[in-house]
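Everything on this sheet refers to the single structure shown next.
The values are calculated or read from the model by the stated rules, or taken from the named source; none is laboratory data. No experiment lies behind these values; they were computed from the predicted model shown. So basically every Cβ, Gly included, is an ideal-geometry build from the backbone, and we count neighbours across all protein chains shown. The accessibility values were calculated without ligands, DNA or RNA, using every heavy atom of the protein model including side chains. Shrake-Rupley method; radii C 1.70, N 1.55, O 1.52, S 1.80 Å.
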Amino acid sequence: MAVEPTWISNAWYVAGWDAEIDTAPLARTICGVPMVFYRRLDRSVVAMRDACPHRLLPLSMGLREGDSIRCKYHGLKIGPDGVAEEMPLKSEAVNRRICVETYVVAEKHRFVWVWIGDRAQADPALIPDLWPCSAEGWVFDGGYYHVACDYRLMVDNLMDLTHETHVHAGSIGQPEIMEAPIATRVDGDEVVVERWMPGIEAPPFWKEALKREGPVDRWQICRFLLPSAVMIDVGVAPSGAGATLADHDHGVRGMVVDFMTPESADTHHYFWGMARNFDIGDAGFTARFKAQQGGVFAQDKVVLEAQQRAIKANPELKLSAYRIDEGGTRSRQMITRAIKRTTTGFERELA
Ligand code: FES
Ligand SMILES: [Fe+2]
């Protein structure tokens, strides 16, 4: 029986931070396909299957020569279009039918994106709208973790911030998170979970950002976007400043931006960051912020990898869903429906 895919085809996925991909080959498996990424001399990105057409040695072990890459084993030279340019034996005529698969890439919002699926349908307009990563008046930075769990467990995690109280006590967690009611809704192609915490004491991180004492109104608005992004609008405003869920630009506001790119059924690439529209010229703040966020997400990584191991070790048990899980559950339903849509589309084409 064929294993059902757990991710969506015909979609853009983050392959790496723009600064991560340079002239040296970078190996990264995306949605089950081993790929190698590098930049041409004009800085445009090449993505191809990370296997030499000869004996399948990863091309990422090879050496760059101009815009091409030479296999480390017997020296077959492959151009950026994936086609052989030189045979191992110099006296042998080049066989242009020797080639590796290449993939469509695009750069946007500080990330390199790769299209998974039918390349004729690769439209850059379909790249998820992670607008805070590149908007005027915002600064954005973040990092990368390899996480040994199904990417959907990370979606669940980000769409339910109740866990902050326990997993992130001491930084962004506080008991009020568990007391505040949440509202979950489907908004077109997105799932939204809103939490409003009026008149509370700001947790340490937000107190520092706001630079003032006194009670605050705190908000968290989690938004899931296909194929696997979560953006979380977070911040605090002094109580009485007039902030509401719909109109909260009265204090300090950040956008946590997360993209989960499946690597295999139970591992994924986690690209995380934070965009903010306050103190944007303060590079020291950005660096401290990134280090702090990296620490917070490292705590999630520990929990989620343990959860994945427990899921494997208890195959007869099922995940339960409580009120707090509605955002994750609805996001998963959206993923499942999109998988069905693309699969049906392919079937139609093949018929
Ligand atoms: S494996 Fe690449 S040239 Fe032989
Ligand atoms: Fe977390």
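Among Val14, Val100, which is the only one that is away from ligand 1 (no atom under 13 Å from the Cβ) and modelled with pLDDT of 95 or more?
It is Val14.
With the structure loaded, tell me whether Arg218 is at pLDDT below 95 and more than 20 Å from His163 (Cβ to Cβ) or whether it fails that test.
Spelling it out, it is not the case that Arg218 is at pLDDT below 95 and more than 20 Å from His163 (Cβ to Cβ).
Can you tell me how many residues within the stretch 84-116 are assigned to a loop (DSSP other than H, G, I, E, B), under 30 Å from Met274 (Cβ atoms) and not aliphatic (A, V, I, L, M)? Reasoning before the result, please.
Taking the stretch 84-116 as the starting set, the residues that turn out to be assigned to a loop (DSSP other than H, G, I, E, B) are 87-98, 100-101, 103-104, 109-110.
Okay, now just the ones that are also under 30 Å from Met274 (Cβ atoms), so 103-104, 109-110.
Next, only the ones that are not aliphatic (A, V, I, L, M) stay: 103, 109-110.
Of the residues in the stretch 84-116, 3 are assigned to a loop (DSSP other than H, G, I, E, B), under 30 Å from Met274 (Cβ atoms) and not aliphatic (A, V, I, L, M).
Is at least one residue of the stretch 268-277 buried (at least 21 other Cβ atoms within 10 Å of the Cβ), assigned by TED's automatic domain parsing to the domain that holds Asp160 and of a type in the set (Lys, Arg)?
Yes.
Could you identify the single residue in Cys99, Cys133 that is in contact with a strand residue (DSSP E or B) (Cβ under 6 Å, 6 or more places away or on another chain), within 30 Å of Ser68 (Cα to Cα) and buried (at least 16 other Cβ atoms within 10 Å of the Cβ)?
Cys99
So, of the residues in the stretch 4-28 that are closer than 21 Å to Met334 by Cβ and of a type outside the set (Phe, Trp, Tyr), which turns out to be surrounded by the fewest Cβ atoms within 10 Å (Cβ to Cβ)?
Only one residue tops the list, namely Glu4.
Does Asp282 satisfy being surrounded by fewer than 18 Cβ atoms within 10 Å (Cβ to Cβ), under 28 Å from Ile127 (Cα atoms) and more than 23 Å from the chain's Cα centre (by Cα)?
Considered against the rule, which asks whether it is surrounded by fewer than 18 Cβ atoms within 10 Å (Cβ to Cβ), under 28 Å from Ile127 (Cα atoms) and more than 23 Å from the chain's Cα centre (by Cα), Asp282 comes out as no.
Before we move on, is Ala47 in the same structural domain as Val104 (by TED's automatic domain parsing) and surrounded by fewer than 22 Cβ atoms within 10 Å (Cβ to Cβ)?
no
How many residues does the stretch 140-162 hold that are open to solvent by 30 Å² or more (accessible area, probe 1.4 Å) and within 26 Å of Asn277 (Cα to Cα)? Spell out how you get there, then give the answer.
Residues of the stretch 140-162 open to solvent by 30 Å² or more (accessible area, probe 1.4 Å): 141, 144-146, 148, 152, 156.
Checking which are within 26 Å of Asn277 (Cα to Cα) leaves us with 141, 144-145.
Result for the stretch 140-162: 3.
Quick check, is Ala51 touching a residue at least 12 places away in the same chain (Cβ under 8 Å), within 25 Å of Ala229 (Cβ to Cβ) and not β-branched (Val, Ile, Thr)?
So Ala51 fails the test.
Working carefully through the options Leu41, Leu63, find the one that is over 28 Å from Tyr145 (Cβ atoms), more than 13 Å from ligand 1 (Cβ to nearest atom) and open to solvent by 40 Å² or more (accessible area, probe 1.4 Å).
That would be Leu41, the only listed residue that is over 28 Å from Tyr145 (Cβ atoms), more than 13 Å from ligand 1 (Cβ to nearest atom) and open to solvent by 40 Å² or more (accessible area, probe 1.4 Å).
Here is a yes/no grid of residues against (1) within 16 Å of ligand 1 (Cβ to nearest atom); (2) more than 21 Å from the chain's Cα centre (by Cα); (3) part of a loop (DSSP other than H, G, I, E, B):
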position	(1), (2), (3)
Ile21	no, no, yes
Met48	yes, no, no
Arg55	yes, yes, yes
Pro80	no, yes, yes
